[in-house]
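> Here you go, one structure.
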Amino acid sequence: CRRRDPGGMILADHCVFGTTLRLLRSRGFAITQLRELIRPNIPDHQVLQLATQGDFLLLTNDKGFGSILTYPPEEHQGIVLLRIDAETESDVHRVLLRLLEERTREELRHRLVVVDRRKYRIMPKGNG
């Protein structure tokens with residue numbers, strides 16, 4: 001299976017596990033942590049605004065980003081929401097790597113993707 005690097009940068013929200021960051025970096029993905037750019041306790045809408053302005057794919061564990069009503073896909077550059085905890089971490093990492101290897105950056109742009117221990121789901125684009 002040939003790697004289909006999604007390209008561009010990934011912005012990791014403050015809640016993303018350190019093990020997730022180390023794994024992605026070890027596989028060659030360009031990761032920027034939110035705290036490298038701005039204080040990590042800014043409101044979610046400002047996090048997404050920063051990601052959008054920098055053309056980042058936002059990687060987060062924050063379920064608040066899972067609302068397409070609050071964060072319509074056509075208004076951001078892509079969100080990957082990890083449904084992860086200590087018990088599911090290795091399974092979620094495996095699925096996350098599969099997502100990032102199978103999908104291009106353009107396939108993830110303006111999409112909400114939910115990654116759990118078994119699969120990833122790419123939510124349909126809105127009509128806006």
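The values are calculated or read from the model by the stated rules, or taken from the named source; none is laboratory data. None of the values given here were measured: they were computed from a predicted structure. No Cβ is skipped: glycine too gets one built from the backbone with ideal geometry, and neighbour counts run over all protein chains shown.
> Suppose we filter LEU37, LEU23 for residues that are at pLDDT below 95 and among the aliphatic types (A, V, I, L, M); which single one remains?
Within the list LEU37, LEU23, the selection yields LEU37.
> Does any residue in region 86-109 that is closer than 14 Å to LEU24 by Cβ come within less than 6 Å, Cβ to Cβ, of a residue that is among the aromatic types (Phe, Trp, Tyr) six or more places away or on a different chain, and which pairs are these?
Note: pairs meeting the criteria are VAL95/TYR120; LEU99/TYR120.
> Same structure again: Among what's in region 109-128 and is at pLDDT 95 or above and in contact with a strand residue (DSSP E or B) (Cβ under 6 Å, 6 or more places away or on another chain), pick the residue that is nearest to ILE84 (Cα to Cα).
Looking at the filtered set, the residue picked out is VAL115.
> Would it be correct to say that ARG105 is of a type outside the set (Asp, Glu) and at pLDDT 95 or above?
No.
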